[in-house]
Structures are given as C-alpha cells and as structure tokens.
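The values are calculated or read from the model by the stated rules, or taken from the named source; none is laboratory data. The structure displayed is predicted, hence computed values, not measured ones. We place every Cβ from the backbone using ideal geometry, glycine too, and count neighbours over all the protein chains shown. These accessible areas exclude ligands, DNA and RNA; they are computed on the full protein's heavy atoms, side chains included. Shrake-Rupley method; radii C 1.70, N 1.55, O 1.52, S 1.80 Å.
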Amino acid sequence: EKVDVNFSSESKTKQTQLELRAVEVESSISAADKTTGIQYQLYDGRFPYLPDYSELKPVKQGVVNSLDPTLVDVAGKRSYSIVYTGYIEFPEAGLVRLGMGSDDGSKLYLKDQLVIDNDFAHGFQMLTRWVRVPRGLVPFRIEYMEVGGDRGLTLGAAYDIEGKKPVPLKFYTDSSN
C-alpha cells in the first residue's frame, strides 16, 4: 500500500509517497540452556571514554544478578570499567522504550547493535530510545565505566511512553558460565 505524505520545509509545502510494508519480527533465543544472571568482566584503568576492550584483559569476571556496579567486587578501585553480557527477556514482542542511566560512561547494545550511547565521564544522566524487540531472550552487552565519585547504572523498559506498562526485566546467561 502507498501513502501520500505532505510536509512543510522552509515555508514550502512538499509531497512524497511512502510505501507501507509489514514489520518483520526478529526471532529470539530459547531459554532452555540459560540460567538467571548477568556475566561481567572487570577492567582496570581510568578512561575519559569507554575503552576498546579488545585491547584489554579483564582482571576479574563472574556472574551477578543485577546491573548494580556495587555488586562487582572492585577491591577499593575508584576508576574501572565493567562489561556486562547476557540476555534480556521480553515477555511481549513490539516497540519498547529502553532507558539507561549512568554516572560516567555507558553503552547498550542489543544483538550487537548500538542502542544507547551515553559515553564519556559525566554526572548521572538518563537516555532513552524506542526499539522493536521479539518475544523471548535477546542478547545484550552493556559497557560501563567509573572514573571516581558516585557510581550508578540503571536500565528500564516500558511498552508505553508514560511508563505505565513497564517491562519486568529478567536477565539470563549461558548455563556454561
């Protein structure tokens, strides 16, 4: 189906035609071989921006049950970086408003696609973005850095703009971890 669209730009009215297509829903991953939790890797260093992790070796790794950076034993370090990986469960397919906040830098990837980029050292700030997700488990990666001071990392999701239909986020990791 085609739709005519009129729009104004610089006091001129223009027209174009758009072709409507069905949205393809991506497949998700089975939870059969997964356990609850989030895999993490801790990196030493003070970074003005999130580093290239392929050039670093983690000093510690393990599994935690939430994205709270205080659950990772940083052994008195004031500056460090954490990479969280695993799967987020979405109980329904559709558009989801994701919101991630951090004190200092963070990035969120879903299926290896950058979704939220909150990179560089800063006070706590929240960024949001609408994404289409399938029902079930979706692979994620969160990169987070702390350069001293307050620590904070939050992730939330809702199926509506007002947040009245929140997504209960559940995290999973591969059973072999």
For this session: Would you mind checking the pairs LYS107/LYS164; LYS14/LYS165; LYS60/LYS111; LYS77/LYS165; LYS107/LYS165 and listing those with alpha carbons more than 27 angstrom apart?
Result: LYS14/LYS165; LYS77/LYS165
For this session: Of the listed values (1) 19.2, 62; (2) 16.3, 49; (3) 15.8, 57, grab the one calculated as Rg and Dmax of the Cα atoms in Å from the structure here.
Result: (1)
Exercise. What list of ³J(HN,Hα) values in whole Hz, one per residue of the range 139-152 in order, does the Karplus curve 6.51 cos²θ - 1.76 cosθ + 1.60 (θ = phi - 60°) give from phi, with Gly and Pro shown as x?
Worked result: x, 9, 9, 10, 9, 9, 10, 10, 10, x, x, 5, 10, x
Exercise. Ranked highest first by average number of other Cβ atoms within 10 Å, how do 39-48, 103-112 line up?
Worked result: 103-112, 39-48
Problem set entry | Kirkwood Rh, angstrom, the range 16-108 [1 / mean 1/r, Cα pairs] | 16.4 Å
For this session: May I ask you to order 59-72, 2-15, 138-151 by the average number of other C-beta atoms within 10 Å around their residues, highest value first?
Result: 138-151, 59-72, 2-15
Exercise. What is the Cα centroid distance between the range 17-43 and the range 53-82, reported in whole angstrom?
Worked result: 24 Å
Exercise. Modelled label-to-label distance, GLU162 and SER79, 7 Å Cα→beta-carbon offset: nm?
Worked result: 4.5 nm
Exercise. What accessible area per residue, rounded to a whole number of Å², is obtained for the range 44-160 using a probe radius of 1.4 Å?
Worked result: 47 Å²
